[in-house]
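I have placed the structure first, in the form of structure tokens, so that the comments after it can refer back to it.
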């Protein structure tokens, strides 16, 4: 399945911490008559149908079992069966998950693939490869940082309650309060995981603990945790949602009292206990930043590269791909310099782009409002041209939203959240406006295309809405495919006639350069023993991005080893496959059909994507 269905919470905490087909037939050799009699043909048809039905039932039962075991995933899907619960992230639950998927893998190999359609065979391959990848990960179960500064339990709790837990009636409010009480148990499990890693010598770097502690303290600041003019983030959210129910004053007061009790008796002690554990472990963390400093860190890093890129590339190969693409993009940037008549070196041009006020919105409420309005305008213009390049388009709408204040200091500069399957929540393109100097105007266009349309929103919303494929396939997680698509669409925007302003086109190149540099610094940090400072300096020297941007990026790559390599590796593969298709088909190449072929089966490993496109090319002849 997409994630170990210890769920989206486990993924978040570990941080990484979702029709009827027709059978083909082979034509008999010329002059040779088929020997199958009508009765045999009829029997074969029944057998095919039976095997297809058996597979469909197996997929659906597996998916339903995973959903039923994950209250958090249920909430993401708009299901409220266990709306008052969190997931079990204990080792016992994880081990039970491993037993379950091992049995599933064995059962999946009992199907007669000769009796399945091409679509069903693809689904089965995705299902099996996903489980095999999870089982390979389990060797390093406790190498994954259960807590890190970028995304983990301490910020997941308020983010989930605010963005995912809807309150449409009294029962939803009751469930919200029960989830507040459940934070204590869930954090105890997280602390147990921290202690397991302590015994094994697995710690994030010391500086990461400072950020985790600060963010945790932010959550328990404000009423009712501390006397303040402002309510805490969670209480403010609950109060706002409760107010929309139209309750009587007495009913509202009663629920607010219950929420205050849960916050003081469960949430606050849970956070204080977690903070104390983090403070203790901070003193134990070994010096250094990359995973090379951990037991079997080299083996784990290779596992991470294979997981995120869905290839067998090793660290040295990834590093060299990065170096080569940095050189290529630098050359293209010098062409932009000539277009705008800039006299000086590329480094001087970077300084100009990094510091000139014309490229930045004011650091004010109005500046932030203008940024959000302009980001939406880019999306609107792109959306109007989508039908020329895509046959498949999403039904779900998308909104642009600012990252909430409680997590903006530790969150990335931009990211996307998928819509709810039931249509109750749109897709969300989040822009982090904490530091306006990290959000230059010349990168806005490419950023909007990547996170919104035709990037993540197109791909993820379309996947959720696909018909004729198993549900599990809609939520499979292959980072190189998903993030590779997002990066691919940045360049696609140029093919579609956008980036008319050369500075905006420079911004597109700057974002691609950023992803190329990621290959260099990620492998540098985790395989070549680079320090955090050396990696930051590399980004500052080789990109136009602000130093703050570089600092937060390197801290993210340290927390999530290997993840950042998926973007460029995935994009390069999609571009390679598009070039292959265009060269093979010539005038018959149809960009709309190519994009639909890439998107129509949901996320797949890059090897399966290549096989899909090769088959599609053959079918066009």
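Could you order peptides 182-189, 359-366 by the average number of other Cβ atoms within 10 Å of their residues, highest first?
Taking the mean over residues of other Cβ atoms within 10 Å, the ranking is 182-189, 359-366.
Translational diffusion coefficient of segment 302-568 at 20 °C, 1.002 mPa s, Stokes-Einstein with Kirkwood Rh over Cα pairs, in µm²/s as a whole number.
The estimated diffusion coefficient comes to 112 µm²/s.
Between residue 338 and residue 251, what length comes free when the chain is fully extended (0.36 nm per residue of separation minus the Cα-Cα distance, one decimal in nm)?
Roughly 24.6 nm would be gained on extension.
With labels modelled as points extended 7 Å from the Cα through the Cβ direction, what inter-label distance (nm, one decimal) is found for residue 299 paired with residue 590?
Once both label points are built, they end up 5.0 nm from each other.
Got a sec? Which residues in segment 576-614 would a label at residue 621 touch, if it sits 7 Å along Cα→Cβ and we count backbone N under 17 Å?
Hits in segment 576-614 for residue 621 at 17 Å: 580-590, 611-614.
Quote to one decimal, in nm, the extra length available between residue 495 and residue 528 on full extension: 0.36 nm per residue of separation minus the C-alpha distance between them.
Difference between extended and current length: 8.2 nm.
How large are Rg and Dmax for segment 298-428 when only the alpha carbon atoms are used, in Å?
When restricted to the Cα atoms of segment 298-428, Rg and Dmax are 20.3, 55 Å.
Report the full-extension gain for the segment residue 373 to residue 229: residue separation times 0.36 nm, less the Cα-Cα distance, to one decimal in nm. Spell out each step's value before the answer.
On the way: separation 144, 0.36 × 144 = 51.84 nm, distance 3.04 nm.
Gain on extension, residue 373 to residue 229, equals 48.8 nm.
Highest first, please rank the peptides 604-614, 150-160 by the mean number of other Cβ atoms sitting within 10 Å of their residues.
Per-residue Cβ counts within 10 Å, averaged per peptide and sorted highest first, yield 150-160, 604-614.
Quick one: grab Rg to one decimal and Dmax as a whole number for segment 92-168, Cα atoms only, in Å.
Values for segment 92-168 (Cα only, Rg and Dmax): 17.9, 49 Å.
Evaluate the Debye formula for the chain with equal point scatterers sitting on the alpha carbons, no solvent, and hand back log10 of I(q)/I(0) at q = 0.08, 0.09, 0.10, 0.11 Å⁻¹, in q order, two decimals.
These q points yield log10 I(q)/I(0) values of -0.60, -0.77, -0.95, -1.15.
Quick one: compute a quarter of the convex hull surface over the Cα atoms of segment 153-287 and quote it in nm². Provide the component values of the computation, followed by the final result.
Values: hull surface 33.8 nm².
Result: 8.5 nm².
Please arrange 146, 554 by counting, for each residue, the other beta carbons lying within 10 Å of its beta carbon, fewest first.
146, 554
Per the helix-only calculation at 222 nm, which mean residue ellipticity applies to the chain, given -39500 (n - 2.57) for every DSSP H run of n ≥ 4 and division by its residues, nearest 500 deg cm²/dmol?
Counting only the DSSP helices, I get -20000 deg cm²/dmol.
Measure off 7 Å from each Cα along the Cα-to-Cβ vector at residue 314 and residue 276, then give the distance between these two points in nanometres to one decimal.
Each label point lies 7 Å from its Cα, and together they span 4.7 nm.
Taking just the alpha carbons, could you work out the radius of gyration and Dmax for segment 370-499, both in angstroms?
My reading of the Cα-based Rg and Dmax gives 14.6, 46 Å.
So what is the relative contact order of segment 149-238, in percent, for Cα pairs below 8 Å that sit 6 or more residues apart?
Rounded, it is 34 percent for segment 149-238.
Taking square-rooted eigenvalues a ≥ b ≥ c of the alpha carbon gyration tensor, is segment 350-427 rounded, prolate or oblate, where a/c under 1.5 means rounded and, failing that, a/b exceeding b/c means prolate?
Oblate is the answer for segment 350-427, as a/c is 1.5 or above yet b/c matches or exceeds a/b.
For the pair residue 409 and residue 102, how long in nm is the line joining their label points, each one 7 Å along Cα→Cβ?
Those two pseudo-labels are separated by 4.4 nm.
Of the peptides 379-387, 447-455, 318-326, how do they stack up when ordered by the mean number of other Cβ atoms within 10 Å, highest first?
Going by the mean number of other Cβ atoms within 10 Å, highest first, we get 447-455, 318-326, 379-387.
The numbers here are math on the coordinates, done by the rules we state, and not lab data. Quick caveat: nothing in here was measured; it's all calculated off a predicted structure. Heads up, the Cβs are rebuilt from the backbone with ideal geometry, glycines too, and the neighbour counts pull from every protein chain shown.
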